[in-house]
Amino acid sequence: MSEQVEREAMEYDVVIVGAGPSGLSAAIRLKQLAAAAGNEISVAILEKGSEVGAHILSGAVIDPSGIEQLLPNWQELGIPLETKVTRDKFVMLGPQGELDISWLPFPKWMLNHGNYIASLANVCRSLAQHAEALGVEIYPGMAASEVVYNEAGGVKGVVAGVFGIGKDGQPTADYQPGIELHAKYTMIGEGVRGSLAKQLQAKFSLAEGREPQKFGIGIKELWQIPDAAFESGLTQHTFGWPLDNATGGGSFMYHFGDNYVAIGFVLHLNYKNPWLSPFDEFQRFKTHPSIKRYLEGGKRIAYGARAITEGGAQSLPRLYFPGGVLLGCSAGMVNVPRIKGSHNAVKSGILAAEAAYSAIQDGRSGDDLIAYEETYQKSSIAKELWNVRNFKPLWSKFGTIPGLVLGGMDAMIATIFGGWSPFGTLKHGKSDADSTGLAKDYTPISYPKPDGVFSFDKLSSVFLSSTNHDENQPAHLKLSDPAVPISINLPKFGEPARLYCPAGVYEVLYDDKGENPKFQINFQNCVHCKTCDIKDPSQNINWTTPQGGDGPNYPNM
């Protein structure tokens, strides 16, 4: 339908998709450069959330190096990096006990002293205010739903603000066709597994010659706990129970602000057992005596989930395409052993802004910003990711305990010897979808019922994410073949979508006789984690943007 629709167009020097740390930093840096030179540059940011920060979720312990580079006076500006880390704790969990391994000689770059515990959503809200004060135009609730190409096949801009498409795919009385935002350069900062980034990587073969991207799912809750259990500035990471040695993942717990505890669970999506439920593993984890003692008497006040890029240096796509670039997590700039990516996202936005500004001043537009890739290769981001490139594949190959030891040693060696590793550069091999095993080879997992105190069900959790989607719109979760879930995924894999989704979006329903299975998509529950797009073993689910500002509305996440 979009090819037949006539839309109004708005012209900008730079259009940025996504008001996350990378997109906001790019916009701020563009305005800084223009102001320093006495020039004007027009910059627009499109944000699919109802407000800036609504769809932002991270642990988050933030390395301030990116923000310090962007805004050296960030403290005076009131950027809310709330609580300085005071203590790191690392723990191996067994079914009932724990082994504190904080005494081990962890590399300095894995420790968090000098970093801050904060809400990344609130940091983005603050950066947005600063960007707008510099003249950046920010449009929340305006999902960029498709790419606009020029006659030469390069990116001309994007379409945003399409509203009023009914369930049947036809325009309703409230239909608005949206507008085209054209730009000399378009920057994609959608975050992990963004729908436009996915299309652009395929169209321009940006991942050719690279390893497949790897992912994890991060599930997070925000609690407010009593004084007796609260230790401001504490960061704790655990490995082990409830996961077995062959299943990668672990937990985080950060104490900050007004007796807040950010507690979460990260599970690597290359797990094999199709009966595994990341959500239920997280809920079970919180019932461990060593964990629930922090939560006892507390109140759960927020919930959310999102995918995390874990492929590292060898999975990074080419960062530029004709007319634009990929930023931050859209490219995959997360440092897995540090469990951090926001500082690299900010730095990528700075690098992209400087390349685009220089090109525009030279009278260029719509071409390849090769300078962005070149400066990236010389940057602290590239060095950081290169030194830890084998951490994830070693973990995947040898399991949690041996993999963590080998990965840590390898990263230390690479850091000391300028990136050299005795392993060279290891490959990831399979995608996460291809890693899924057959249902017949594994035993279904019986998870305990939630107690409503420490563990909860999916629907009450989704309620705390303030997720909302207008029901009178097409499902934004598209099936390439509607028959696949029942004809292939159910008999072969047990239809794992009903288990890996942390929001109860996917169900297999049966009639009164327990027969005639039907696949149901409750898209209204979707918290936009993108796990289904990544983990579906048949790669039959395509995550796209819903209309308007629909989705979660994360407070303080």
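Summary table
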quantity: Estimated vicinal HN-Hα couplings, Hz - the stretch 545-552 in sequence order (Karplus 6.51, -1.76, 1.60; Gly, Pro = x); calculated: 7, x, 7, x, x, 5, x, x
quantity: Förster radius 45 Å - calculated FRET efficiency between LYS518 and VAL453, Cβ distance, rounded to 0.05; calculated: 0.85
quantity: Computed [θ] at 222 nm, helices only, for the chain once each DSSP H run of length n ≥ 4 contributes -39500 (n - 2.57); calculated: -7500 deg cm²/dmol
quantity: The stretch 116-273 - convex hull of the alpha-carbon atoms, volume per residue in Å³; calculated: 228 Å³
quantity: Most to least packed among 360-369, 462-471, 264-273 [average Cβ atoms within 10 Å]; calculated: 264-273, 462-471, 360-369
quantity: From phi via Karplus (6.51, -1.76, 1.60), per-residue ³J(HN,Hα) for the stretch 175-192 in Hz, x at Gly/Pro; calculated: 4, 10, x, x, 10, 9, 9, 9, 8, 5, 9, 10, 10, 9, x, 6, x, 5
quantity: LEU509 paired with LYS89, simple spin-label distance in nm, labels 7 Å along Cα-to-beta-carbon; calculated: 4.5 nm
quantity: The stretch 360-381 and the stretch 468-525: distance between their alpha carbon centers, rounded to Å; calculated: 43 Å
quantity: Inter-centroid distance (Cα atoms) of the stretch 424-449 relative to the stretch 163-216, Å; calculated: 28 Å
quantity: Stretchable slack from LYS203 to VAL5, in nm (0.36 nm times residue separation minus alpha-carbon distance); calculated: 69.0 nm
quantity: Under the Karplus curve 6.51 cos²θ - 1.76 cosθ + 1.60, θ = phi - 60°, whole-Hz ³J(HN,Hα) for the stretch 402-411, x wherever Gly or Pro sits; calculated: x, x, 5, 5, 5, x, x, 5, 4, 5
quantity: Nonlocal amide H pairs with GLY53, under 5 Å, H built at 1.01 Å; calculated: none
quantity: The chain - Kirkwood radius from inverse mean 1/r over Cα pairs (Å); calculated: 23.9 Å
quantity: Gain on full stretching of the segment that runs from GLN539 to LEU134 - 0.36 nm per residue minus C-alpha separation; calculated: 141.5 nm
quantity: LYS292 versus LYS397: modelled label distance in nm, points set 7 Å from Cα along the beta carbon direction; calculated: 4.0 nm
quantity: Distance between the stretch 26-72 and the stretch 227-261 - C-alpha centres, whole angstrom; calculated: 29 Å
quantity: Size of charge dipole - the stretch 114-241 - debye, nearest 20, with Cβ of Lys, Arg +1 and Asp, Glu -1, no other charges; calculated: 340 debye
quantity: Fully extended contour minus Cα-Cα distance, from ILE413 to LYS430, at 0.36 nm per residue; calculated: 3.5 nm
quantity: FRET efficiency, GLU98 to ASN472 (Cβ-Cβ, R0 45 Å, nearest 0.05); calculated: 0.35
quantity: Principal axis dimensions, the stretch 1-76 - Cα atoms, whole angstrom, descending; calculated: 49, 38, 16
quantity: Total formal charge among the other residues, if their Cβ is under 12 angstrom from that of ALA19, Lys/Arg +1 and Asp/Glu -1; calculated: -3
quantity: Cβ-defined net charge surrounding LEU406, 15 Å radius [Lys, Arg +1; Asp, Glu -1]; calculated: +2
quantity: Restricting the stretch 1-77 to GluC sites (Glu not before Pro) in coil, as DSSP defines it, with at most 14 other Cβ within 10 Å; calculated: GLU6, GLU40
quantity: Most positive-pole-ward Cα, LEU222, ILE101, ILE541, against dipole of the chain from beta carbon charges; calculated: ILE101
quantity: Label-point separation, ALA35 to THR172 (7 Å along Cα→Cβ), nm; calculated: 4.2 nm
quantity: Cβ-defined net charge surrounding VAL453, 11 Å radius [Lys, Arg +1; Asp, Glu -1]; calculated: +2
quantity: Where Cα atoms sit under 22 Å apart: lysine pairs in the stretch 58-204 separated by 8 or more or lying on different chains; calculated: 7
quantity: Within the stretch 125-187, GluC sites (Glu not before Pro) in DSSP loop having at most 13 other beta-carbon neighbours inside 10 Å; calculated: GLU151
quantity: DSSP beta bridge pairing in the chain, given as percent antiparallel to the nearest 5; calculated: 70 percent
quantity: Simple Cβ-charge dipole of the stretch 297-417, Lys/Arg +1 and Asp/Glu -1, about Cα centre, in debye nearest 20; calculated: 700 debye
quantity: Sparse-neighbourhood loop sites, trypsin sites (Lys or Arg not before Pro) in the stretch 396-440 - DSSP loop, at most 15 other Cβ within 10 angstrom; calculated: LYS427, LYS430
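Each reported figure results from applying straightforward, stated rules to the coordinates on display, with no laboratory input. Owing to the predicted nature of the structure, the values given are computational and were not obtained by experimental measurement. Every residue, glycine among them, receives a Cβ derived from its backbone with ideal geometry; neighbour counts consider all protein chains shown.
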